[in-house]
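Where a number appears in this text, it was derived from the coordinates with a stated rule and is not lab data. Predicted, not measured: the structure shown is a model, and the values here were computed from it. Quick reminder, even Gly has a Cβ in these numbers, built from the backbone with ideal geometry, and neighbours come from all protein chains shown.
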């Protein structure tokens with residue numbers, strides 16, 4: 001889903017390049033001493049070296065592909081020795097330029113600049129309409145600007161006005177880079193009187209080229225023996241059914257003839273799916289043997305198509321770093337390099353996360369705290385979600401406590417069953433009603449059903465989809481799988497497993513006391529005691545609530561539990577009076593990630609002072625909710641949840657991270673780089689949040705400025721005490737004979753109709 005679109009113009013800005021290379025973004029780069037290579041590791045590449053990071057068009061996941069800043073930033077934010085990829089196209093006067101697509105309309109504003117020069121060509125047997133480099137001279141292209149080619153990415157850097165670069169221009173931008181030239185359409189250019197081979201040979205004295213790749217084996221054969229000996233030739237595979245027109249063989253047939261390829265090239269590049277095939281419903285199949293076959297043939301093998309902001313197989317839980325690891329270590333083999341549009345993530349994977357000690361445990365801070373279990377992979381608060389969270393390395397698992405109509409305490413992320421179950425499609429749908437104390441819209445609530453109803457085969461859980469507006473869904477094979485747990489069963493799991501503790505979340509306590517006749521605070525205390533938590537010291541119990549009255553009551557009861565206050569949403573600072581008020585009843589606070597930064601259209605404008613103020617007041621801070629989906633983070637974190645986690649850990653002394661994906665945070669805590677001090681590599685140093693916004697300011701391309709976020713005051717924290725608990729009527733519930741909250745309108749209507757019928761019958765009898 002595109003967040004907007006525009007067209008840029010003008011020339012390259014020297015000030016922007018200077019800011020990128022020397023200014024605030026350089027927080028990533030650190031000192032020169034921090035750029036040393038990772039210690040040797042057991043990489044199963046052809047020669048045992050670390051896999052190579054190849055930056056496709058530079059850091060094209062943020063900046064327009066093949067722009068000066070994309071190339072510069074790739075070298076700043078990635079591993080030393082990162083190779084810069086250029087897709088070479090030829091102009092009318094035979095100059096090679098770096099353009100992502102042969103059709104310039106897909107990556108420039110050429111349609112705006114040269115409206116009348118649209119053409120039609122047949123390329124690899126396919127008819128294409130658009131604007132093509134061979135119809136323009138290099139000088140004519142100086143008035144054309146590069147734009148972002150992927151519509152899900154921000155368009156704002158289009159307005160900077162990046163010029164199209166020639167291959168030789170690369171050397172004037174970055175010093176001594178490792179360069180990879182990709183020649184995709186030699187046959188097409190040859191058909192129109194342009195010679196790619198001659199161009200490549202003409203620039204050899206000016207440009208040191210490390211790699212030349214092509215999906216046309218005939219082209220590689222044609223230049224073999226004429227390029228420098230240090231230049232590696234790599235044959236690029238396309239879809240197996242397509243034809244390599246230079247030799248009239250399909251790529252599928254060539255896959256079984258690696259000996260032929262070895263006689264011409266030193267390596268092959270394949271799409272990711274050649275190595276890890278994917279099912280139609282987007283799950284991984286077993287890996288193929290192509291890596292081993294290539295290595296056995298003496299060929300290096302590179303994997304392509306890596307980008308953080310694409311939908312990757314659900315097995316990776318939207319974690320791009322996990323995908324890289326499956327190609328370099330976790331899959332039992334290692335490719336020799338990866339072609340990535342987000343080279344910082346590839347660098348992290350190779351330099352800091354490959355071959356980690358899987359048996360390493362420990363419950364040090366920041367604690368890994370689940371959010372409704374591992375809810376990124378399984379339906380909230382189900383046995384599957386909790387077991388997955390434990391297996392994925394959570395230190396603490398959480399239970400948001402809800403109440404059934406027969407008074408059973410259970411774990412469910414929402415009191416409204418419409419949010420978390422398939423109740424709308426069951427016979428319970430008739431129970432829909434409006435309960436103003438809970439929400440203004442109709443719902444079907446846990447207190448409308450008994451525990452047996454909720455635990456029946458009729459009602460099934462429903463996996464959460466917090467970013468469904470972007471058509472991103474979670475683990476669809478398990479959409480309605482798992483069983484709900486009552487609080488007693490949850491606490492038994494917490495006691496039995498290797499956990500630091502459990503977090504109990506109490507909401508709506510006043511409503512439950514007044515309308516359902518249940519003291520939820522005392523009920524939770526009783527459940528903890530019955531589960532044996534009162535008689536042990538190894539398991540910590542945290543009780544979290546956004547209602548200060550709940551925590552005040554527990555404080556008055558001299559509880560041994562750690563009391564955690566959930567801050568209101570949308571605040572950016574806390575007044576002294578609010579800090580003093582919170583310290584009276586809370587040991588810690590939960591801060592929403594959206595309160596840490598002031599955002600404008602996904603750009604971070606500034607970091608708020610909230611976390612620092614809370615910690616200065618002596619309150620421990622837990623941050624929530626961390627999610628892997630690439631639309632969940634500000635653009636400053638490059639669609640990489642590990643970059644975001646790294647920022648929070650290095651910037652704040654957090655006591656805990658609350659996450660839908662415990663595995664991602666646990667893996668971060670095991671990384672081999674953040675403990676290296678001055679030797680920590682650039683790509684693992686804390687980024688400078690807000691720098692992308694600053695880079696756009698000279699071009700008036702930044703998103704709109706927004707005012708500072710509100711300050712939390714004591715009046716927003718302090719609450720009246722919880723009301724007395726009303727007496728319960730029967731098993732379900734209301735006091736003094738009042739109607740049960742949430743009674744369906746149909747039932748009330750039925751009662752009214754019955755009363756009216758009785759009145760008519762009596763009146764008729766009197767008339768007779």
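Given labels modelled 7 Å from the Cα in the Cβ direction, how far is it in nm from residue 480 to residue 653?
In this crude spin-label approximation the distance works out to 5.0 nm.
Can you give the relative contact order of the stretch 369-566 as a percent, counting alpha carbon pairs under 8 Å and 6+ residues apart?
Relative contact order here is 22 percent.
Is the chain best put as rounded, prolate or oblate by its Cα gyration tensor, with a ≥ b ≥ c the root eigenvalues, rounded for a/c under 1.5, and otherwise prolate when a/b is larger than b/c, oblate when not?
Here the chain falls in the prolate category.
I'd like the FRET efficiency for residue 538 and residue 279, computed as 1/(1 + (r/R0)^6) with the beta carbon distance as r and R0 of 45 Å, rounded to 0.05.
After rounding to 0.05, the efficiency reads 0.55.
Roughly speaking, what is the stretch gain from residue 128 to residue 292, that is 0.36 nm per residue apart minus the C-alpha to C-alpha distance, in nm to one decimal?
Stretched out fully, the residue 128 to residue 292 stretch lengthens by 55.3 nm.
Mind running the shape call on the stretch 369-566? Use the C-alpha gyration tensor, a ≥ b ≥ c as the square roots of the eigenvalues: rounded below 1.5 for a/c, prolate if a/b tops b/c, oblate otherwise.
The shape class here is oblate.
Is it possible to state the helix-based mean residue ellipticity at 222 nm for the chain, with each DSSP H run of 4+ residues giving -39500 (n - 2.57), the sum divided by total residues, to the nearest 500 deg cm²/dmol? What is it?
-6500 deg cm²/dmol
What angle do you read, to the nearest 10 degrees and between 0 and 90, between the alpha-carbon axis of helix 745-767 and the longest principal axis of the chain?
Roughly 40 degrees, rounded to the nearest 10.
At residue 617 and residue 311, where each label point lies 7 Å from the Cα along Cα→Cβ, what is the point-to-point distance in nanometres?
4.3
In degrees between 0 and 90, to the nearest 10, how far off the longest principal axis of the chain does helix 520-530 point, with axes built from Cα atoms?
Once rounded, the angle reads 80 degrees.
If you fit an axis through the alpha-carbon atoms of helix 68-77 and take the longest principal axis of the Cα set of the chain, what angle between them do you get, 0 to 90°, nearest 10?
Relative to the chain, helix 68-77 is tipped by roughly 60 degrees.
Indicate the gyration tensor shape class of the stretch 37-104 (rounded, prolate or oblate), computed on the Cα atoms with a ≥ b ≥ c the square roots of the eigenvalues: a/c under 1.5 is rounded; otherwise a/b larger than b/c is prolate and the rest oblate.
The shape class here is prolate.
So what is the relative contact order for the chain, in percent, with contacts set as C-alpha pairs under 8 Å and at least six apart?
14
Between residue 239 and residue 495, what is 0.36 nm times their sequence separation minus the Cα-Cα distance? Round to one decimal in nm.
87.0 nm
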